[in-house]
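The values are calculated or read from the model by the stated rules, or taken from the named source; none is laboratory data. Note that the structure is predicted; figures quoted are calculated from it, not measured. Quick reminder, even Gly has a Cβ in these numbers, built from the backbone with ideal geometry, and neighbours come from all protein chains shown.
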Amino acid sequence: MSRQESSNKQIIELFKEYYRKANLKLPEDFVLREFAIQPFNSSTYIRHLSFQKIDDLLSFIEKNTPKHLYYSSARYENPGLKDMESKKWLGADLVFDIDADHIPGCTEVKIWLCPNGHGGTGDQSTCPVCGAKTKKISIIDDECLVKGLDQVLRLADILIEDFGFNENDINIYFSGHRGFHLHVHLDDKLAQMGSEERREIVDYILGIGLSIESLRLANETRGRSRRLALIPRINDYGWRRRISKSLLETNIDDTLKKYIIGETPPSPSTIVSKIEDTIPWAIELSKVFVDEKVTIDTKRLIRIPFSLNGKTGLIVKELSIKNPSVFSPSLDTLSPFKGIAKFTPDVSLKNIRILGRKISLEKHKTHTLELGLAVYLELKGIGKITRIQR
């Protein structure tokens with residue numbers, strides 16, 4: 001048996017063991033959802049699955065260990081039928097995806113490998129040694145996951161304060177890889193929103209078509225009358241409220257801060273000209289960088305909470321809106337795999353931070369690593385586990 005086959009088998013066994021004990025979180029109407037899995041060693045999905053009992057789903061997973069496990073954001077009358085029209089769409093939850101690598105200022109460690117055994121860090125499309133086409137691997141920086149968490153919390157605030165969604169209908173999850181998912185459970189009427197209505201929600205969140213004049217963030221002259229722009233306040237609504245919160249994160253003087261938080265009344269002196277250079281920055285900071293394609297898709301497959309992400313071996317973990325600080329991008333809390341492993345990398349890495357760990361690896365040398373970290377690295381394609389010790 002080749003090392004590739006042996007290593008894959010070990011990881012499959014680890015996933016199988018996890019799913020025997022996993023407490024997956026399913027919607028109450030799971031019988032109306034389509035399920036799908038991507039098996040190991042396959043680039044295709046097994047789709048159009050439906051289950052009447054949770055035990056039936058768990059039994060299926062035990063027999064078909066998934067690398068990735070999904071259910072549909074949509075509800076269907078006949079979720080198990082292969083023809084999408086015959087499924088009879090009943091509506092869909094509102095879902096959002098925030099990938100940390102799409103957030104301005106976030107960085108990734110970029111790694112390249114070629115089929116002839118060469119590799120290194122950087123963004124190489126072709127091998128500088130032999131000219132072969134490379135495989136690219138990226139590892140998200142821990143700080144970017146923290147920024148991603150800030151983004152998803154801003155999103156939750158917008159959905160609650162600006163759109164009026166109930167906090168109890170909103171769930172936030174770490175995706176198990178590089179970002180976060182937010183699910184809004186919708187009642188039957190709202191669930192029937194089409195792609196265009198969902199696009200309008202995304203446009204509002206991204207600030208597409210935003211007019212600073214309509215927000216009273218620019219002076220206007222109409223005939224003989226002139227209307228002065230006003231600094232937004234925390235008790236305003238919509239985008240003015242969002243911008244006011246962003247302004248409080250800037251280095252503005254205490255007088256303006258007191259005005260923004262409502263401690264001092266409006267006055268002619270509180271006009272935007274005092275901070276006009278800061279407004280564009282505050283608008284950009286107020287945007288939330290959601291993946292538009294995910295939200296407007298009314299038939300999206302989404303990761304099952306508390307399943308494993310097959311790209312990393314990390315748990316799709318739920319976060320608390322009320323106490324988000326308990327989330328930490330740490331191997332200790334996000335990987336279910338405990339123990340140590342012998343790991344042989346295909347590339348040398350120096351002082352790379354991954355999930356709270358700082359590691360250096362020497363190409364083709366056997367290293368002793370925490371099991372969760374070794375699983376992460378192998379699933380990323382950086383090397384192979386040769387032995388596991390539990």
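Quick rundown of the values:
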| read-out | value |
| --- | --- |
| Exclusive hit being among the small types (Gly, Ala, Ser), in the same structural domain as Phe165 (by TED's automatic domain parsing) and under 30 Å from Ile354 (Cα atoms), set Ser86, Ser50, Ser42, Ser73 | Ser42 |
| Residue tally, condition surrounded by fewer than 18 Cβ atoms within 10 Å (Cβ to Cβ) and within 16 Å of Asp93 (Cα to Cα), over segment 144-169 | 7 |
| Residue pairs meeting the criteria (Cβ under 6 Å; at least 6 apart or on separate chains; first modelled with pLDDT under 95, in segment 280-303; second of a type in the set (Gly, Ala, Ser)) | Ala282/Ser246; Leu285/Ser246; Ser286/Ser246; Lys287/Gly207 |
| Contacts under 6 angstrom Cβ, first residue in segment 6-28 being more than 15 Å from Gly372 (Cα to Cα) and in the same structural domain as Phe60 (by TED's automatic domain parsing), partner among the aliphatic types (A, V, I, L, M) and outside any helix (DSSP H, G or I), 6 or more apart | Leu24/Ile304 |
| Residue, surrounded by the most Cβ atoms within 10 Å (Cβ to Cβ), within segment 45-103, restricted to residues that are of a type in the set (Lys, Arg) and assigned to a strand (DSSP E or B) | Arg75 |
| Which listed residue is touching a residue at least 40 places away in the same chain (Cβ under 8 Å) and not assigned by TED's automatic domain parsing to the domain that holds Val294, from Gly80, Gly120 | Gly120 |
| Selection count where residues are under 21 Å from Glu378 (Cβ atoms) and without any contact (Cβ under 8 Å) to a residue 24 or more places away in the chain, scope segment 43-72 | 1 |
| Residue in segment 319-334 that is under 25 Å from Asn171 (Cα atoms) and crowded, with 22+ Cβ neighbours inside 10 Å present | yes |
| Looking only at segment 1-44, and only at residues there that are small (Gly, Ala, Ser) and surrounded by 14 or more Cβ atoms within 10 Å (Cβ to Cβ), the one that is modelled with the lowest pLDDT | Ser7 |
| Strands (runs of 3 or more DSSP E) enclosed by segment 264-382 - at least 1 residues per element that are more than 17 Å from the chain's Cα centre (by Cα) | 340-345, 349-354, 357-361, 367-370 |
| Top-ranked residue of segment 129-140 - restricted to ones that are surrounded by fewer than 20 Cβ atoms within 10 Å (Cβ to Cβ) and in contact (Cβ under 8 Å) with a residue 24 or more places away in the chain, ranked as farthest from Ile354 (Cα to Cα) | Lys135 |
| Test: residue in segment 206-228 that is in a helix (DSSP H, G or I) and either out of contact with any Asp or Glu (no Cβ under 9 Å at 6 or more places or on another chain) or surrounded by 13 or more Cβ atoms within 10 Å (Cβ to Cβ) (or both) | yes |
| Residue list for segment 239-252, restricted to those being touching a Leu at 6+ places or on another chain (Cβ under 8 Å) and either surrounded by fewer than 21 Cβ atoms within 10 Å (Cβ to Cβ) or of a type in the set (D, E, K, R) (or both) | Arg240, Ser246, Glu249 |
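Let's see how each residue does on (1) under 18 Å from Trp112 (Cα atoms); (2) outside the structural domain of Pro115 (by TED's automatic domain parsing); (3) modelled with pLDDT under 90:
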{"site": "Thr344", "(1), (2), (3)": "yes, no, no"}
{"site": "Asn351", "(1), (2), (3)": "yes, no, yes"}
{"site": "Ile354", "(1), (2), (3)": "yes, no, no"}
{"site": "Lys358", "(1), (2), (3)": "no, no, no"}
{"site": "His364", "(1), (2), (3)": "yes, no, no"}
{"site": "Glu370", "(1), (2), (3)": "no, no, no"}
{"site": "Val375", "(1), (2), (3)": "no, no, no"}
{"site": "Glu378", "(1), (2), (3)": "yes, no, no"}
{"site": "Gly381", "(1), (2), (3)": "yes, no, no"}
